[in-house]
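J.: Right, I'll just put the structure down here and ask away after.
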Amino acid sequence: MAAYLKRLHHISLHASNVDKVVHELVSRFQFNVFAARLTDRAKQLALRRGSAVFVVNERPNEPVTGPQSRAWSSVTARDHQDLKCLYGAHAHYPVDTVSNVCFEVESVERASRALRDQGLCEFLQPPTEVRDARGRVCFSVLRSAVGNVCHTLIDCSRYRGLFLPGFSAVEPGSQTAYPAHCPISHFDHITYACPRGSTAHITRWYQQNFGFQRFFIDRDEDEEEGYVLDHDGIGLRLTALEYRERSESGITPSSRDEEWPDCKFVIAESLPEQGSNQVDSFLDQHRGAGVQHIGLYTDNIVTTAHTLRLAGVQFYSPPPAYYTEVGKQQEILDAGLDPHTLSQYGILLDTDVHTHTDSRITPSQRLLLQVFTKPLFGDNSFFLELIERRGASGFGEGNIRALWRSVQNEERERRNRHTLR
Ligand SMILES: O=C(O)C(=O)Cc1ccc(O)cc1
């Protein structure tokens, strides 16, 4: 039986320079630091924008050891002082990375037992209870089927504190310059870059362990093959998974959106025929599979991109011709948007190709607006995306192609600059 997930709790990043990444997320991406765990040996800062929470951890230089060797442990947050990073302590990795996607569960013990019974998971930390004066949480940590990515399972139902035991509140102060104009509300999707031939295994792993279900990006998508783009220089296989919320008792919570704002997982694999590409570059730079990008949902991409641009965020832009092409220009105008405004920020517009069960939604009502940022850590590694959905629940082929081209062009230019030096 699969383990039940309640919702996404937070996403952990590991960076060699925590202050730099936190500064980037606060001053540029308008996140607020709300909690911190600072000890002699650990530095963990929690940042929030809507329900999207990142925890930025200092990247340890050597493998972390701690109470994970015990079968079942119960410790105070103070006991964990020597654990460099609590709640996902096993992130020894040579480069800055997204290391952990933490899920909230109803019972860590039951979920961990269900996963052990499946026999497909390697546990890095058995169910462990951590407490402080505000209550206790239970968590366990396991390795995912994707590169260095781990999943922490956590139950916070008996904790009254601000975030997690061991973390203290950080006063809001004047962290963000433009808080009113940045309506980012949640994580929309997490995209993995994966080696060739690994998609089927990863898909099965999430289906069997957590009960994820396939989300068909295209109505003609083959169940085994996924959504394949393999012409015009693009060699990409995309397979999307979604978590249709259930609860352990079998009763679906009534306010779905509040409980689990639909966060899809996308598995991106490069196909060999079209030559080396952005998925391959990620695998190379990141030294293996991992989280390539995270989509941040906003209900107004234009104001959000404007705010972020003013704050110094750099976006990938498609070639200028994208916005003057007659069909695209009309599509943009029909959506009540201004091609010039979209072009200023590199915002892409598409209709998604997902088959809608609701036939009342016509293609023109299924609009998808996306813009992709330049990498957060370094060349060709992890980046963020802004996404606004107007009736569209999937991904647009046109946007994927436009993103692909902008990244490939930029890479070509970078390589040329390098050879000229
Ligand atoms: O469109 C999205 O946000 C996706 O997640 C699809 C995707 C995946 C990988 C790429 O290198 C480019 C696009």
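The values are calculated or read from the model by the stated rules, or taken from the named source; none is laboratory data. Computed from a prediction, not measured in an experiment: that's the story for all the values here. We place every Cβ from the backbone using ideal geometry, glycine too, and count neighbours over all the protein chains shown. Accessible surface areas use protein heavy atoms only, side chains included; no ligands, DNA or RNA. Shrake-Rupley method; radii C 1.70, N 1.55, O 1.52, S 1.80 Å.
J.: All but one of (1) closer than 20 Å to Val55 by Cβ; (2) assigned to a loop (DSSP other than H, G, I, E, B); (3) more than 18 Å from the chain's Cα centre (by Cα) hold for Gln125; which doesn't?
T.: Failing condition for Gln125: (2).
J.: Considering only segment 108-121, state which residues are over 22 Å from the mean Cα position of the chain (by Cα) and open to solvent by 20 Å² or more (accessible area, probe 1.4 Å).
T.: Within segment 108-121, Glu109, Arg110, Arg113, Arg116, Asp117, Gln118, Gly119, Leu120 meet the criteria.
Results for (1) more than 12 Å from the ligand (Cβ to nearest atom); (2) touching a helix residue (DSSP H, G or I) at 6+ places or on another chain (Cβ under 6 Å), shown as yes or no for each residue.
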residue: Asp262; (1), (2): yes, no
residue: Ser281; (1), (2): no, no
residue: Gly290; (1), (2): yes, no
residue: Thr304; (1), (2): yes, no
residue: Gln329; (1), (2): yes, yes
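J.: Given the criterion surrounded by 20 or more Cβ atoms within 10 Å (Cβ to Cβ), among the hydrophobic types (A, V, I, L, M, F, W, C) and at pLDDT below 90, identify the matching residue among Leu386, Leu403, Leu420. Spell out the reasoning first.
T.: Details: Leu386 fails: at pLDDT below 90; Leu420 fails: surrounded by 20 or more Cβ atoms within 10 Å (Cβ to Cβ).
Step by step, each of Leu386, Leu403, Leu420 is checked, and only Leu403 is surrounded by 20 or more Cβ atoms within 10 Å (Cβ to Cβ), among the hydrophobic types (A, V, I, L, M, F, W, C) and at pLDDT below 90.
J.: Please determine whether any residue of segment 392-413 is β-branched (Val, Ile, Thr), under 16 Å from the mean Cα position of the chain (by Cα) and closer than 17 Å to His293 by Cα.
T.: Pass one, segment 392-413, residues β-branched (Val, Ile, Thr): 400, 407.
In the following step, the residues that additionally are under 16 Å from the mean Cα position of the chain (by Cα) were identified as none.
No, segment 392-413 contains no residue that is β-branched (Val, Ile, Thr), under 16 Å from the mean Cα position of the chain (by Cα) and closer than 17 Å to His293 by Cα.
J.: Follow-up question, since we're still on this one. Specify which of the listed residues (Arg366, Arg390) is touching a His at 6+ places or on another chain (Cβ under 9 Å), in contact (Cβ under 8 Å) with a residue 12 or more places away in the chain and more than 14 Å from the ligand (Cβ to nearest atom). Before the answer, list the steps.
T.: Numbers: Arg390 fails: touching a His at 6+ places or on another chain (Cβ under 9 Å).
None of the others qualify; the one that does is Arg366.
J.: Shifting gears a bit: Of the numbered conditions (1) within 16 Å of the ligand (Cβ to nearest atom); (2) buried (at least 22 other Cβ atoms within 10 Å of the Cβ); (3) on the phi < 0 side of the Ramachandran plot, Gln274 fails exactly one; give the number of that condition.
T.: (2)
J.: Of the residues that sit in segment 369-387 and are over 20 Å from Ala305 (Cα atoms) and not acidic (Asp, Glu), which one is farthest from the ligand (Cβ to nearest atom)? Explain how you work it out, then say what you get.
T.: Our first condition is that a residue be over 20 Å from Ala305 (Cα atoms); within segment 369-387, this holds for 378-381.
In the following step, the residues that additionally are not acidic (Asp, Glu) were identified as 378, 380-381.
On the way: Gly378: 17, Asn380: 11, Ser381: 12 Å.
Among residues in segment 369-387 that are over 20 Å from Ala305 (Cα atoms) and not acidic (Asp, Glu), the one farthest from the ligand (Cβ to nearest atom) is Gly378.
J.: In segment 321-336, how many residues are open to solvent by 30 Å² or more (accessible area, probe 1.4 Å) and over 14 Å from Leu403 (Cβ atoms)?
T.: Initial filter on segment 321-336 (open to solvent by 30 Å² or more (accessible area, probe 1.4 Å)): 321-322, 324-327, 329-331, 333-334, 336.
Next cut, over 14 Å from Leu403 (Cβ atoms) only: 321, 324-327, 329-331, 333-334, 336.
Residues meeting the conditions: 11.
J.: State whether one or more residues within segment 337-350 are at pLDDT below 90 and either more than 13 Å from the ligand (Cβ to nearest atom) or part of a loop (DSSP other than H, G, I, E, B) (or both). Break it down stepwise before answering.
T.: Initial filter on segment 337-350 (at pLDDT below 90): none.
No, every residue in segment 337-350 fails to be at pLDDT below 90 and either more than 13 Å from the ligand (Cβ to nearest atom) or part of a loop (DSSP other than H, G, I, E, B) (or both).
J.: Follow-up. Checking the condition in contact with a strand residue (DSSP E or B) (Cβ under 6 Å, 6 or more places away or on another chain) and part of a helix (DSSP H, G or I), which residue from Ser112, Ser99 passes? Quick ask: steps written out before the conclusion?
T.: Details: Ser99 fails: part of a helix (DSSP H, G or I).
Selected residue: Ser112, the only one of Ser112, Ser99 that is in contact with a strand residue (DSSP E or B) (Cβ under 6 Å, 6 or more places away or on another chain) and part of a helix (DSSP H, G or I).
J.: OK, next. Pick from Pro375, Pro318: which is open to solvent by less than 20 Å² (accessible area, probe 1.4 Å) and not in a strand (DSSP E or B)? Before the answer, list the steps.
T.: On the way: Pro375 fails: open to solvent by less than 20 Å² (accessible area, probe 1.4 Å).
Criteria check complete, one pass: Pro318.
J.: Can we say Ala145 is surrounded by 17 or more Cβ atoms within 10 Å (Cβ to Cβ) and not in a strand (DSSP E or B)? I'd like the intermediate steps shown before the answer.
T.: Numbers: surrounded by 17 or more Cβ atoms within 10 Å (Cβ to Cβ): yes; not in a strand (DSSP E or B): yes.
Against the criterion (surrounded by 17 or more Cβ atoms within 10 Å (Cβ to Cβ) and not in a strand (DSSP E or B)), Ala145 qualifies.
J.: Looking only at segment 277-306, count how many residues are at pLDDT 95 or above, among the hydroxyl-bearing types (Ser, Thr, Tyr) and open to solvent by less than 30 Å² (accessible area, probe 1.4 Å).
T.: Residues in segment 277-306 being at pLDDT 95 or above, among the hydroxyl-bearing types (Ser, Thr, Tyr) and open to solvent by less than 30 Å² (accessible area, probe 1.4 Å): 2 in total.
J.: Among Tyr192, Tyr243, Tyr206, Tyr159, which is within 15 Å of the ligand (Cβ to nearest atom) and among the hydroxyl-bearing types (Ser, Thr, Tyr)? Full working, then the answer.
T.: Working: Tyr243 fails: within 15 Å of the ligand (Cβ to nearest atom); Tyr206 fails: within 15 Å of the ligand (Cβ to nearest atom); Tyr159 fails: within 15 Å of the ligand (Cβ to nearest atom).
The unique qualifying residue is Tyr192.
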